[in-house]
1. For the chain, taking Cα atoms only, what is the radius of gyration to one decimal and the Dmax to the nearest whole Å?
2. Quick check of the Kirkwood formula: for the stretch 107-158, what is the inverse mean of 1/r over all pairs of different Cα atoms, in Å?
3. Compute the Cα gyration tensor for the stretch 1-131, then decide on rounded, prolate or oblate, letting a ≥ b ≥ c be the square roots of its eigenvalues: rounded whenever a/c is under 1.5, prolate when a/b is larger than b/c in the other cases, and oblate in all that remain.
4. Compute the relative contact order of the chain as a whole-number percentage, counting only Cα pairs closer than 8 Å that sit 6 or more residues apart in sequence.
5. So what's the gap between the Cα centers of the stretch 108-149 and the stretch 176-202, to the nearest angstrom?
6. Rounded to the nearest 0.05, what FRET efficiency is calculated for residue 215 and residue 77 with R0 set to 30 Å and r the Cβ-Cβ distance?
7. Relative to the first principal axis of the alpha-carbon coordinates of the chain, what is the inclination of helix 101-115, with its axis defined by its Cα atoms, in degrees from 0 to 90 and to the nearest 10?
8. Can you give me the angle between helix 15-25 and the longest principal axis of the chain, using Cα atoms only, in degrees from 0 to 90, rounded to the nearest 10?
């Protein structure tokens, strides 16, 4: 596994769009998509049929998953659905933010074993438990912010992440950055990796958005095998 890319931001910011673009542009590689958003929009877009089993339902419906590690591996094998030749999707669903220590250890074991079989993991949305279960040193959080989201933007809490989160300003129109963001950039609490301007037409958006998002992601300190378009 080369990297875990966690896409965060408010509804409508562009997380799912960017996740979808990554699936098409990370080539030739295998990608595990993790849909952690409550609306499960990525699942609706990628999966031909809704998954029968989500991460949130795993331990409730599969008592054998609480047994041996072999049983946990089999349970996690049933979690994913194919969304392409090499790519698969795991839907988080209604997973509590906190679970017991024993279940957390089993979930960590199964999730990391699964993730290691892919070149990349792309997480659409933020779930605090995933931050605890996956190797934090491999997670790169990319927050997408629209002009409306700039109004009440807040920097990450101290100790929330081990690295400097990256920021993409989507549909940016030369808005004045709020003092909280300006200070966070000056103090290097976050780093700005790109601004995506509004597109005059839907056709321009379809044509240029993948390359504009890719140019932002190339500034991350991780190896990205992005295809050319």
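1. Spelled out, the Cα radius of gyration and Dmax of the chain are 17.9, 56 Å.
2. The answer is 13.2 Å.
3. On the way: a/c = 1.70, a/b = 1.42, b/c = 1.20.
Prolate.
4. Contact order relative to length: 28 percent.
5. Each part's Cα centre sits 22 Å from the other's.
6. Numbers: r = 36 Å, r/R0 = 1.22.
Taking R0 as 30 Å, the efficiency between residue 215 and residue 77 is 0.25.
7. 70
8. Tilt of helix 15-25: around 80 degrees.
Any read-out appearing in this document is the output of simple, stated calculations on the displayed coordinates, not a laboratory observation. Bear in mind the structure is a predicted one, so any value in this text is a computation, not a measurement. Counting neighbours? That spans all protein chains shown, and the Cβs are built from the backbone with ideal geometry, glycine included.
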